[in-house]
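What follows is a single structure, written as structure tokens, with notes after it.
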Amino acid sequence: MTPFSYSRADDAARAIDLAGTSAAKFLGGGTNLVDLMRETVERPIRLVDVSGLSGAIEEREDGSLLIGAGVKNSTLAAHRAVRTRYPVLARAILAGASAQIRNMATVGGNLLQRTRCTYFYDNEGARCNKRAPGEGCDAIGGFNRIHAILGASESCVATHPSDMAVALAALGATVHITGAGGARSVALTDLHRLPGDRPDIETVLEPGDLITAVELPALPLAAQSTYRKVRDRASYAFALVSVAAALEVKDGRVRDVRLALGGVAHKPWRATKAEALLMGGPATAEAFRAAAEAELADARPLNDNGFKIELAARTITAVLSELAGANA
Ligand SMILES: Cc1cc2nc3c(=O)[nH]c(=O)nc-3n(C[C@H](O)[C@H](O)[C@H](O)COP(=O)(O)OP(=O)(O)OC[C@H]3O[C@@H](n4cnc5c(N)ncnc54)[C@H](O)[C@@H]3O)c2cc1C
């Protein structure tokens, strides 16, 4: 394998040119990709170092925030505008991994980190349609406590592991991409795909597409936001269920709300059904619980993860109640 590197922060075009084929991979902090290469799950023929992509966080006049894809996770979580105007994002990042990993991990790499399904990692003993399309999925009949309850398919029940992406989904972030066909942008909620019968295709990115930045809209509501992650141990563990939420309450009624779930699906799950039910309604624990149940009505448990449905309902209710209390 030939490693390439470039250092000009805005030289996305050169990186794409170097990537050339779908067998090439971009290397951000390398904290996920290198692990996968060690396990021989990923076998790129070429690596293009993109850690030199923009590391700037730009506060724009319209109140939006433009975050370079090369910004380190720890830098983003510590940024004053993020801590004060989008606390859900700072909290989500700090709930993930370890300080050392966050110091290396980039925004682009965090979004594109791959599932933590143990069958996906087990290259020698397990079947996985994500790793080897058409092979079968041993997670479905296997030990599937950490797997998806929403949007899964007969081919794949893996979940997306990123905490940061869940907060970005709730905040309505946009992802800026540059590829062979030029620049374009997609909503964060449209970046990742549900598995369907092609779980190996995880995003709408084309081969050689490079994430260059993530944009957060000016969202005054986001100042009252938070992230709660429920996991098997207090740190260094992925979410069983997580909730990112922002809530504005006026005269006891929900004036605006954003809600997304992590640990439950193949992509960060924006809870649009719950949001629609909550808007304009009473800001009470009963209403929060009813909205959570509506969102989870389509949940399909596997052998070992039925607990996630009640866990998600309770976590949504608790987080929204906490924010409503803070608002009051
Ligand atoms: C022990 C451990 C615990 C962890 N716990 C958590 C956790 O609790 N929560 C959580 O959210 N994460 C967790 N992580 C994952 C960690 O957050 C990710 O490994 C990290 O965010 C990936 O960022 P990176 O820059 O190192 O990505 P890389 O490993 O460099 O890249 C990941 C993928 O993204 C692609 N890529 C990178 N940059 C770009 C770009 N700009 N454009 C297009 N493609 C790109 C790469 O080609 C690769 O496919 C943990 C990781 C470890 C090792």
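The values are calculated or read from the model by the stated rules, or taken from the named source; none is laboratory data. Quick caveat, the model's predicted, so the values are computed rather than measured. Methodologically, a virtual Cβ is constructed for each residue, glycine included, from the backbone with ideal geometry; neighbour enumeration extends over all protein chains shown. Note: accessible area is taken over every heavy atom of the protein model, side chains too, but ligands, DNA and RNA are not part of it. Shrake-Rupley method; radii C 1.70, N 1.55, O 1.52, S 1.80 Å.
Report the residue count in region 103-123 for those that are open to solvent by 10 Å² or more (accessible area, probe 1.4 Å), more than 7 Å from the ligand (Cβ to nearest atom) and more than 19 Å from P199 (Cα to Cα).
Number satisfying all stated conditions: 1.
Does T178 fit the bill of being over 30 Å from R314 (Cβ atoms) and either under 14 Å from the mean Cα position of the chain (by Cα) or within 11 Å of the ligand (Cβ to nearest atom) (or both)? Reasoning before the result, please.
On the way: over 30 Å from R314 (Cβ atoms): yes; either under 14 Å from the mean Cα position of the chain (by Cα) or within 11 Å of the ligand (Cβ to nearest atom) (or both): yes.
Taking the combined requirement at face value, the residue satisfies it.
Which fully enclosed strands (runs of 3 or more DSSP E) of region 129-236 have 3 or more residues being under 16 Å from T118 (Cβ atoms)?
none
Report, ordered by the first and then the second residue, all pairs with beta carbons closer than 9 Å, sequence separation of six or more or different chains, a first member in region 221-244 that is touching a residue at least 60 places away in the same chain (Cβ under 8 Å), and a second member that is among the aromatic types (F, W, Y) and not in a helix (DSSP H, G or I).
From residues that are touching a residue at least 60 places away in the same chain (Cβ under 8 Å), the pairs are A222/Y86; A223/Y86; S225/Y86; K229/F238; S242/Y227; V243/Y227; A244/Y227.
If we scan region 169-190, do we find a residue that is free of Cβ contacts under 8 Å to residues at least 12 places away in the same chain and among the β-branched types (V, I, T)?
no
Report whether or not G96 is within 13 Å of the ligand (Cβ to nearest atom) and part of a loop (DSSP other than H, G, I, E, B).
So G96 fits the description; yes.
I need a count of the residues in region 227-239 that are touching an Asp or Glu at 6+ places or on another chain (Cβ under 9 Å), over 21 Å from K273 (Cβ atoms) and more than 9 Å from the ligand (Cβ to nearest atom).
0
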